[in-house]
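First comes the structure, then the notes that go with it.
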Amino acid sequence: MEIARKPGGDSQNCQGVACDVCMDLSEDAEKKGVKTYIQRMNNRALDACRFGSGGTCCRNCSLGPCMIIEEIPDTIGICGATADTVAARNFARMVAAGSSAHIDHAIEIAMVFLETAKGHTDFTIKDETSLHTMARMFEIPIEGRDKHEIAIEVGERAIAEFGKLDGPIAGVRRAPKKLRETWERTGVTPRGIQREVVELMHRTNMGNDQDYRNLIKQATRCALADGWGGSLIATGLQDIMFKAPVPIASSVNVGLGVLAKDKVNITVHGHDPILVEALAMVSKEPELEAAAKKVGAAGINMVGVCCSGVEGIMRHGIPVAGTLVQQELVITTGAVEAMVVDIQCIMQSLPEVAKYYHTEVITTSDRAKIPGATHMPIDHHHTLDYARKIVLRAIERFPMRGEVKLEENAQGVVVGFTFETVKYILGGRFRASYKPLNENIINGRIRGVGVIVGCTSPRTKAGNDIVTVAKELIKNNVMVVATGCAATECGRAGLLQPEAAQKYAGDGLREVCEAIGMPPALHRGSCVDNSRMLVGCTELVHVGGLGDDFSALPAAGCAPEWMSEKALAIGQYYVGSGLLVVFGHTFPTSNSKVVTDYLCNGIENEYGGKWAIESDPIKMAHLMMEHIEKKRDALGINKKKERVLFDMAMRRDLEAPTTKGAGCPR
Ligand code: MSK
């Protein structure tokens, strides 16, 4: 069968792939001959492969590749694999790859953490509250013990979690009881963090698991090992070493106020906060400041991109220049001396773009080298020395700076709304609690929680769908919690400021936001910090009044512009934990109606959560809201109740779920 492929880009409106700020930068750069994702998207010679995008291209062995069309029996694989098997296998492999990215990140963090606990790195045990949370998760005694002693045990236990062959993994303890029972009943309780990835890769190898349901089951167990294992450990240990974020003001966008005209601009891009912390620490050192001044700069300005940006802004208020799609455009401002990258979401084109400017692209992880970049791998026993060398290289570039294009477009944000922070701002230091949030959901001022995660994508006007969904949810009194590039886009649109409640929120949500002084969209961190969402949902359950499981909560997640396999892993661990997750624009099993129907419907009977696919951002928001209202109906909180004055016994009953709901160590 002939598949039509037309030159000149795909069926999307390619001209609208970027926001005005980015189009402006890109057009200017294009005059110099620079090509960014905008030109590449517009000039794609071929449409995206239909088999690849719908999940029915199998190249897992050399009998093929086999391209399968569900409706045409003759197109099944040479080995007999059907569209369902192949789509499920490809989906599962994407989940495995996404999970392994978070897990490998977590392994690196755990190893540096253990060395830190032993006093062998430049970092320290900064946050004892977070240390105690992790210790409780591993059932490590804390009373009367020195923090380093506890930290060494936490580090050893964390490292052991990855190689464990028999579970359950420790993070499972932080889930509500009913959810743990669901996982036991369906057989998806993760046994060891790496084991689940390895088994999934084995099962998807030629001639193994041919049952799409069984493949999705292992994909779920693998994703849960990521969310409740790898990501939870990464976030927890990062908080201990670098301190759990608290609300902090900063700014975002590709322009002045984020990048500085008169300073050495160093952008840090990727995911691992170790690099961010090290650069943030040394860039304030007087010797390096003096070196910058010696070459005519007013100082050193650190700027973030993607999730490194998110890590930097949350803990240090380091401004963020952009998301995935702005990474090349940051260089085209001509104001960046060095773009320092570590792992994940880094475009190979960066050194090519940098050739037109004075920018040096520096790779720092042996996991991610790029031809044309300078490789300066970091030894974590001497991280600060390596970071100083990187900063000095950036300083050397400052005198080579040419024309600079920086517009005044910085957007103010307040970020750092972790689970702990929200508890604190709702109840203060002595009564930190989610109770006011639960109460406002129960009384209907807040209809529910909408989680927005994931990347930005040129399949749409990048960032537009994220912001449209967020605004629609907020307008309808759904509190938004965002992570990763989605959070940065909410920031670029002005939604991460307390004042945004007045401008964009419905009456109920506005009232709550104004009373507490929080934005209607809360920034909750990076991609691995989606584990903070799991902990937050657990707390909503434990506080009471909103059911006994994630699947009962008036909450839904989405990734309107997802692109990374990591987003798929996150989506699957949300689904496996009982939530609705809506993805936009494309879904990797769409060529198999059977598998797609299972993921969007049947899977709900097993884990309580399910997928949905919707590309229109307004419809996506309404799909989430319908789900939220359905859950509210089921909880009985949409019914107007007679006002009852509570006696003591009734009050004690109200407290019961928090205290009886063992499982969450916090
Ligand atoms: S960085 S995975 S583009 S959110 Fe975490 Fe952004 Fe997506 Fe990368």
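The residue pairs whose first member lies in the range 527-547 and is outside the structural domain of Ser564 (by TED's automatic domain parsing), whose second member is within 16 Å of the ligand (Cβ to nearest atom), and whose beta carbons are closer than 8 Å, counting only pairs six or more residues apart or on different chains, do not exist in this structure.
If I filter the range 611-623 for residues that are over 27 Å from Ile441 (Cα atoms), more than 16 Å from the ligand (Cβ to nearest atom) and more than 19 Å from the chain's Cα centre (by Cα), do I get at least one hit? Yes - at least one qualifying residue is present in the range 611-623.
Criterion applied to Glu143, Glu153, Glu199 was being more than 22 Å from the chain's Cα centre (by Cα) and surrounded by fewer than 17 Cβ atoms within 10 Å (Cβ to Cβ), and the one residue passing it is Glu143.
Okay, residues lined up against (1) over 23 Å from Leu329 (Cβ atoms); (2) in a loop (DSSP other than H, G, I, E, B):
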position: Asp262; (1), (2): no, yes
position: Ile266; (1), (2): no, no
position: Leu279; (1), (2): no, no
position: Lys284; (1), (2): yes, yes
position: Ala291; (1), (2): yes, no
position: Met302; (1), (2): no, no
position: Arg315; (1), (2): yes, no
position: Ile318; (1), (2): no, yes
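All of (1) surrounded by fewer than 23 Cβ atoms within 10 Å (Cβ to Cβ); (2) modelled with pLDDT under 95; (3) of a type outside the set (Val, Ile, Thr) hold for Ser457 with one exception: (1). Looking only at the range 434-452, decide whether some residue is within 16 Å of the ligand (Cβ to nearest atom) and closer than 30 Å to Leu259 by Cβ. The answer is yes, given that some residue of the range 434-452 is within 16 Å of the ligand (Cβ to nearest atom) and closer than 30 Å to Leu259 by Cβ.
So, Ser433, is that one in the same structural domain as His627 (by TED's automatic domain parsing), in contact with a helix residue (DSSP H, G or I) (Cβ under 9 Å, 6 or more places away or on another chain) and over 26 Å from Leu509 (Cβ atoms) or not? No: the conditions fail for Ser433.
When the range 280-308 is filtered for residues that are among the aliphatic types (A, V, I, L, M), surrounded by 22 or more Cβ atoms within 10 Å (Cβ to Cβ) and over 22 Å from Thr483 (Cβ atoms), the ones remaining, listed by number, are Val282, Ala292, Ala297, Ile300.
Take the residues in the range 518-539 that are more than 16 Å from Cys485 (Cα to Cα) and of a type in the set (A, V, I, L, M, F, W, C); name whichever of them is nearest to the ligand (Cβ to nearest atom). Selected residue: Leu534. Being surrounded by 24 or more Cβ atoms within 10 Å (Cβ to Cβ) and within 16 Å of the ligand (Cβ to nearest atom): is that true of Glu565 here? So Glu565 fails the test. Selection over the range 478-499 of residues that are more than 16 Å from the ligand (Cβ to nearest atom) and either part of a helix (DSSP H, G or I) or buried (at least 23 other Cβ atoms within 10 Å of the Cβ) (or both) gives a count of 3. Within the range 512-534, restricting attention to residues that are small (Gly, Ala, Ser) and in a helix (DSSP H, G or I), the residue that is surrounded by the fewest Cβ atoms within 10 Å (Cβ to Cβ) is Ala515. Inside the range 544-562, residues that are away from the ligand (no atom under 16 Å from the Cβ) and closer than 19 Å to Met620 by Cβ make up a count of 4. In the range 558-587, the residues that are in contact (Cβ under 8 Å) with a residue 24 or more places away in the chain form Cβ pairs under 9 Å with partners that are charged (D, E, K, R) and near the ligand (Cβ under 9 Å from one of its atoms), at six or more places apart or across chains, as follows: Gly584/Glu561; His585/Glu561. Taking the condition surrounded by fewer than 20 Cβ atoms within 10 Å (Cβ to Cβ) and of a type in the set (Asp, Glu), does Asp366 pass? The answer is yes for Asp366. Filtering Val413, Val404, Val391 for residues that are within 25 Å of the chain's Cα centre (by Cα) and modelled with pLDDT of 95 or more leaves a single hit, Val413. Pairs meeting the criteria (first residue in the range 172-188 and of a type in the set (S, T, N, Q), second residue assigned to a helix (DSSP H, G or I), beta carbons under 7 Å, at least 6 apart or on different chains) are Thr182/Tyr607; Thr186/Glu606; Thr186/Tyr607. Screening Glu30, Glu71 for residues that are outside any helix (DSSP H, G or I) and either without any contact (Cβ under 8 Å) to a residue 12 or more places away in the chain or farther than 21 Å from Leu200 by Cβ (or both) leaves exactly one candidate, Glu71. Consider the range 454-477 and keep the residues that are within 16 Å of the ligand (Cβ to nearest atom) and among the hydroxyl-bearing types (Ser, Thr, Tyr). The one that is nearest to Val512 (Cα to Cα) is Thr456.
hydroxyl-bearing (Ser, Thr, Tyr), surrounded by fewer than 24 Cβ atoms within 10 Å (Cβ to Cβ) and away from the ligand (no atom under 14 Å from the Cβ) - does that describe any residue in the range 500-507? Yes, the conditions are met somewhere in the range 500-507. Restricting attention to the range 310-324 and to residues that are under 12 Å from Ala280 (Cβ atoms) and of a type in the set (Gly, Ala, Ser), the residue that is surrounded by the most Cβ atoms within 10 Å (Cβ to Cβ) turns out to be Gly312.
The values are calculated or read from the model by the stated rules, or taken from the named source; none is laboratory data. This one's a predicted model, so the numbers in the text were calculated from it and none came from an experiment. Reconstructed Cβ throughout: ideal geometry from the backbone, glycine too, with neighbour counts over all protein chains shown.
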